[in-house]
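**Q** The structure that follows is given in the form of structure tokens.
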Amino acid sequence: MIRLARFVPATVAIAVAVSGCGLFSSKDPRTLPAQLRTFKPTVNLKVMWRASVGKAEGFTFTPAMIDKRVYATGADGKLTAFDAASGRQLWRVEAAKRVSGGVGAVNDRVVVGTQKGELLTFDTNGKLLWKTELGAEILAPVTADAGTMVVRTADGHLLGLNVEDGKRKWNYQRVTPTLALRSSAPATVTRGAIFSGFPSGVVTALELSTGRVGWESTIAAPRGATELERIADVSSEPVVDGDQICAAAYQGRVGCLDIANGKSVWSRDISSSAGIAVDDKYLYVSEESGAVEALDKKTGASVWKQKRLTNRRLGTPLAYGNVVLVGDGFGFIHALSKEDGSFAGRVATDGSALSSPPQAENGVVLFQTANGGLYAVQVQ
């Protein structure tokens, strides 16, 4: 489901659930999820281990891995560490009463954010190192490089903090429109720069050390007569690919920009709130309709399109080996052939949505479900 937030002057957000390209109706056959068809698998998706980490309760949580340990949490604030190879629980601590964002992995630190705007930083043994008040709900995992931690808050701020003690280095803010998607996407940090998507179809490049703006570019301009129609937010994480950065906008476009100056390289009219993945040849996008499409990443030309997942509320795709992995809103993980988009494998989880981006580490792919299931999957 798409989650919207209406912002008022006091920055109080009222969440509204909608789906795809409009309000969901179980009576409208056009919005019913596609039935899964049988096929002959060409890869085996094997669940190596699974664990329970607490329900998401409307938030989106992403597991993280540091030095062969997996860290995960749910809305109840229990932060848990697992052995990545076996899934054995190593420790569990009470992070906070109500966690809304995470998990961020920063060198040898584990970071979560709360609904009340607290950022909590732990060491890899679960000891609280420091916490700081940021004043607004934290929905996205933090990212970091070169001693600077980058935090995104729900009211449109990007903040640079000192990794060692949480002291603020800089603060960047864009004006948030009255109605916007609730985004749990982190900023992308690389090459001494930060790239982040915002409402109204904007992608921004900032200098990591100072927060100074390098460029701002509109990948998809809002259009339409109503507030709902004019939502064109970049609500997923931008992806750096060589000398370009690519992003997707809900009710907007998918495209790539020149990383140096933000000028458009190409764009396509495709709506996506879930996001994209790239490999050495293609860009893969989970469309709002439920299709997965492969595009030539140099030109944007369509290579193939898998339409048999219509209205299944797809999550962020992951290009992995010879397949594209994508979870859906009903607890299934699908493997699609990179060659033609045909179904190559499938595995069921706990029946709840797989909305958090999958994380590939050390030969396994980590998926986390809305009901709090953590799955380590191997593609064989």
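**Q** Out of the residues in the range 278-291 meeting the condition of being surrounded by 24 or more Cβ atoms within 10 Å (Cβ to Cβ) and not polar (S, T, N, Q), tell me which one is nearest to the chain's Cα centre (by Cα).
**A** Top of the filtered list is Val285.
**Q** Cβ contacts < 8 Å: first residue touching a residue at least 60 places away in the same chain (Cβ under 8 Å), restricted to the range 32-55; second residue part of a loop (DSSP other than H, G, I, E, B) and of a type in the set (A, V, I, L, M, F, W, C), any location; separation 6+ or different chain. Result?
**A** Every condition considered, the pairs that remain are Pro33/Phe330; Ala34/Leu309; Val53/Phe61; Gly54/Ala75; Lys55/Ala75; Lys55/Ala370.
**Q** For Asp28, indicate whether it is under 18 Å from Thr143 (Cβ atoms), of a type outside the set (Val, Ile, Thr) and at pLDDT below 95.
**A** So Asp28 fails the test.
Rundown of residues vs (1) crowded, with 21+ Cβ neighbours inside 10 Å; (2) under 22 Å from the mean Cα position of the chain (by Cα), yes/no style:
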{"position": "Asp155", "(1), (2)": "no, yes"}
{"position": "Ala180", "(1), (2)": "yes, yes"}
{"position": "Arg191", "(1), (2)": "no, yes"}
{"position": "Ser196", "(1), (2)": "yes, yes"}
{"position": "Glu216", "(1), (2)": "no, yes"}
{"position": "Glu227", "(1), (2)": "no, no"}
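**Q** Next up: Condition check: in contact with a Leu (Cβ under 9 Å, 6 or more places away or on another chain), within 30 Å of Val175 (Cβ to Cβ), surrounded by fewer than 24 Cβ atoms within 10 Å (Cβ to Cβ) and among the hydroxyl-bearing types (Ser, Thr, Tyr). Does Thr121 satisfy that?
**A** So Thr121 fits the description; yes.
**Q** Then there is this: So which residues in the range 360-372 are over 17 Å from Gly345 (Cα atoms) and buried (at least 20 other Cβ atoms within 10 Å of the Cβ), if there are any at all?
**A** The answer is Gln368, Thr369, Ala370, Gly372.
**Q** Tell me yes or no: at least one residue of the range 272-289 is among the small types (Gly, Ala, Ser) and over 28 Å from Gly372 (Cα atoms).
**A** The answer is no, given that none of the residues of the range 272-289 is among the small types (Gly, Ala, Ser) and over 28 Å from Gly372 (Cα atoms).
**Q** Hey, another quick one. Considering only residues that are in a strand (DSSP E or B) and either hydroxyl-bearing (Ser, Thr, Tyr) or touching a helix residue (DSSP H, G or I) at 6+ places or on another chain (Cβ under 6 Å) (or both), which ones fall in the range 87-138?
**A** Of everything in the range 87-138, those that are in a strand (DSSP E or B) and either hydroxyl-bearing (Ser, Thr, Tyr) or touching a helix residue (DSSP H, G or I) at 6+ places or on another chain (Cβ under 6 Å) (or both) turn out to be Ser100, Thr114, Thr121, Thr132.
**Q** Here is a list of conditions, (1) more than 17 Å from Thr114 (Cα to Cα); (2) touching an Asp or Glu at 6+ places or on another chain (Cβ under 9 Å); (3) surrounded by 18 or more Cβ atoms within 10 Å (Cβ to Cβ), and Ala81 meets all of them except one; can you say which number that is?
**A** (2)
**Q** Go through (1) touching a Ser or Thr at 6+ places or on another chain (Cβ under 7 Å); (2) surrounded by fewer than 22 Cβ atoms within 10 Å (Cβ to Cβ) one by one and return the number of the condition Lys55 breaks.
**A** If we test Lys55 against (1) touching a Ser or Thr at 6+ places or on another chain (Cβ under 7 Å); (2) surrounded by fewer than 22 Cβ atoms within 10 Å (Cβ to Cβ), just (1) comes out false.
**Q** Mind checking which strands (runs of 3 or more DSSP E) fall wholly inside the range 275-380 and carry at least 1 residues that are closer than 24 Å to Arg253 by Cα?
**A** Filter on the range 275-380 gives 275-278, 282-286, 292-296, 302-306, 318-320, 323-327, 332-337.
**Q** Mind checking which pairs have a first residue in the range 292-309 that is among the hydroxyl-bearing types (Ser, Thr, Tyr) and a second that is surrounded by 17 or more Cβ atoms within 10 Å (Cβ to Cβ) and modelled with pLDDT of 95 or more, Cβ under 7 Å, 6 or more apart or different chains?
**A** Thr299/Trp266; Ser302/Glu293; Ser302/Leu295
Results for (1) under 20 Å from the mean Cα position of the chain (by Cα); (2) buried (at least 17 other Cβ atoms within 10 Å of the Cβ); (3) closer than 30 Å to Val379 by Cβ, shown as yes or no for each residue.
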| residue | (1), (2), (3) |
| --- | --- |
| Pro29 | no, no, no |
| Ala64 | yes, yes, yes |
| Lys68 | no, no, yes |
| Gly77 | yes, yes, no |
| Val103 | yes, yes, yes |
| Thr114 | yes, yes, no |
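**Q** Just one of (1) in a loop (DSSP other than H, G, I, E, B); (2) buried (at least 23 other Cβ atoms within 10 Å of the Cβ); (3) not hydroxyl-bearing (Ser, Thr, Tyr) trips up Cys256, so point out which.
**A** Result: Cys256 passes all but (1).
**Q** Also, I was wondering about something else. Of the residues Ala205, Ala154, Ala185, only one is under 20 Å from Leu257 (Cβ atoms) and not in a strand (DSSP E or B); which?
**A** That would be Ala185, the only listed residue that is under 20 Å from Leu257 (Cβ atoms) and not in a strand (DSSP E or B).
The values are calculated or read from the model by the stated rules, or taken from the named source; none is laboratory data. None of the values given here were measured: they were computed from a predicted structure. Because the Cβ atoms are built from the backbone with ideal geometry, glycine has one as well, and the counts that use them run over all protein chains shown.
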